[in-house]
1. Length gain on complete extension for the stretch ASP72 to LYS103, per 0.36 nm per residue less the alpha carbon to alpha carbon distance?
2. How far apart, in nm, are the 7 Å Cα→Cβ label points at ALA150 and GLU28?
3. So what does MET116 come to for accessible area, using a 1.4 Å probe and Å² rounded to 10?
4. Once the whole set of protein chains is in place, how much accessible area is left on GLU28, using a 1.4 Å probe, in Å² to the nearest 10?
5. Hey, can you find the accessible area per residue of the range 69-191 for me, probe 1.4 Å, expressed in square angstrom?
6. What does a probe at ASN118 reach in the range 132-162, counting residues whose amide N is under 19 Å from the point 7 Å along Cα→Cβ?
7. Would you mind checking the pairs LYS44/LYS107; LYS65/LYS176; LYS54/LYS176; LYS93/LYS154; LYS94/LYS151; LYS44/LYS94 and listing those with alpha carbons more than 26 angstrom apart?
8. Using amide H atoms built 1.01 Å from N in the peptide plane, name the residues 5+ places from VAL64, or on other chains, whose amide H lies under 5 Å from its own.
Amino acid sequence: TVCAEAYNPDDDEDDDSEPRVVHPKTDEQRRRLHDVCRDILLFKTLEQVRGRRKGLDAMFEVQVKPDEHIIDQGDDGDNFYVIEEGVYDIFVKKGDHDLCVGKYDNKGSFGELALMYNTPRAATIVATQEGALWALDRATFHRLIVRNNAKKRKMYEAFIECVPLLKSLEITERMKIVDVLGMRVFKDGDCIIKEPMLFLTGDKADCFTLLNREKTDPEDCYFGELALVTNKPRAASVYAAGETKCLVIDIQAFERLLGPCMDIMKRNISQYEEQRMALFGYLDFYVKPTS
Ligand code: 1OR
């Protein structure tokens, strides 16, 4: 069994030679920002690397008006956005039309793809009402998140390779999964997966969970099957025995990155009999997402 290396926070170099962006905030602003960023997975692994603080320092508040385009598909990426409030439609070009493919309802984040992969904006984001966002500039995003991603790739590469569901992905695709992994830590006795599911905001599942119990002895390293957190009630509960670290993937982020990979996985089904069961459960969910 191969498991992920433990992360050593001392590895984190603090390069003060680089300009640091700080937008001063009132205590009240800081509190609000802290609240909305708490569940943003991209920030989750930064918690251990001082970077989170820098990220929050650099963020600035943006008030938006109804019908305002926050992002236009095809543009260069300027900022990453975290939603404080408001409803935002997501449009993707299909032929001459802009197709509405989803929306953010008062939570979540967007605008990471262009910054992470140096690509044009992949979708258009339009405010449907007055709202407020927190923005993080491209340079700071790059310094914090993209650099952190390189470390995450090293840390979790081996672990990800062991997850049957993800085995059939190309290495580059697997690495993209790593980019959107976040870490959640549970204390002894905490219920990780229960009925109804954990990681539910409201009553809807929005994360996958990969169990990654870090132990000194790699042979003792345990990870569950990829436990897909769906809206369906689970037969079993999972409790943390000792401190347990869970790698979690935001389902929306997964879909954004790997929609096309589903085809690849489907193609491979016949070759990977063992994966079949896992895949069917997953694909079933993917093809017919519960609303
Ligand atoms: P960006 O920097 O490319 C647009 O700027 C943002 O819209 C993008 O980052 C994502 O954060 C967000 N496909 C691509 N980008 C999406 C999508 C999406 N949904 C939100 N964004 N979808 C696939 C459509 C074929 C929708 C998946 C649910």
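The values are calculated or read from the model by the stated rules, or taken from the named source; none is laboratory data. Treat the numbers as computed from the prediction; the structure is a model and nothing was measured. Quick reminder, even Gly has a Cβ in these numbers, built from the backbone with ideal geometry, and neighbours come from all protein chains shown. Keep in mind that these areas ignore ligands, DNA and RNA; they rest on the heavy atoms of the full protein, side chains included. Shrake-Rupley method; radii C 1.70, N 1.55, O 1.52, S 1.80 Å.
1. Gain on stretching ASP72 to LYS103: 9.7 nm.
2. 4.1
3. My reading of the accessible area for MET116 is about 20 Å².
4. GLU28 exposes around 90 Å² with every protein chain in place.
5. On the way: 5350 Å² over 123 residues.
Accessible area per residue, the range 69-191: 43 Å².
6. 137-154
7. LYS65/LYS176; LYS93/LYS154; LYS94/LYS151; LYS44/LYS94
8. GLY131, ALA132, LEU133
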